[in-house]
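No lab work stands behind these numbers, since they all come straight from the coordinates. Keep in mind that this is a model prediction, so the values were computed, not measured. Cβ placement follows ideal geometry from the backbone for every residue including glycine, while neighbour counts extend to all protein chains displayed.
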Amino acid sequence: MTPAPAHQPDSPPASPTPGPFAHWDSLPAEEVAAWLEQTFRAPLVAFCYGYLGRLEDAEDAVQEVFCRAIRSGRTPDNLRAWLYKIARNYCLNALRNRNRRRDAAPLAAQPEVQAMLTGNLTRLVRGEQRSQLGRLLSRLPEMYQEVLRLRYGHDLSRAEIAELLDLDESVVKSRLFEGLQRLRRDIRPTGG
């Protein structure tokens, strides 16, 4: 049994498909599942929570993402972007289904899962800033919210975001720029 690479769960690998899992289709599913869980669980839970607004739903979504990835039997060129794309599609479908059942919760502006994963002092110090940023982000059109959340909340590259959202990288770049401009404009104090 090949040992899983030592990656921190909060910082998924920057390379597309790392180490011994470059061709996971030839490995036992249990080994791949354990590595996916260790490497991608925390960031994907935070990502899904940003869409679904409920920790239990986010955890269920990540389990389903891992199952779908393993069942696919393929090794993508960019594993991280591919997993995020599966997660996004799953979350969007879950939201559509939730809206049909009329028990929808509002979309979370900023994943609060990160706050749950830090100490009390950090939460107190950053709480108001996160709250203000969340309010500002929620005022932006969804197309800006999503790219900003993916880039700065989940540290995806512009290329990964483009692949995830099926957009040209130039569109992602312009949405990031415009979204940041709008945030700066909203943060800037008026009058004076």
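Between Arg135 and Phe177, the simple label model (points 7 Å from Cα in the Cβ direction) yields a spacing of 3.0 nm. If the chain linking Glu37 and Ile70 were pulled fully straight, counting 0.36 nm for each residue of separation and taking away their Cα-Cα distance, it would gain 10.7 nm.
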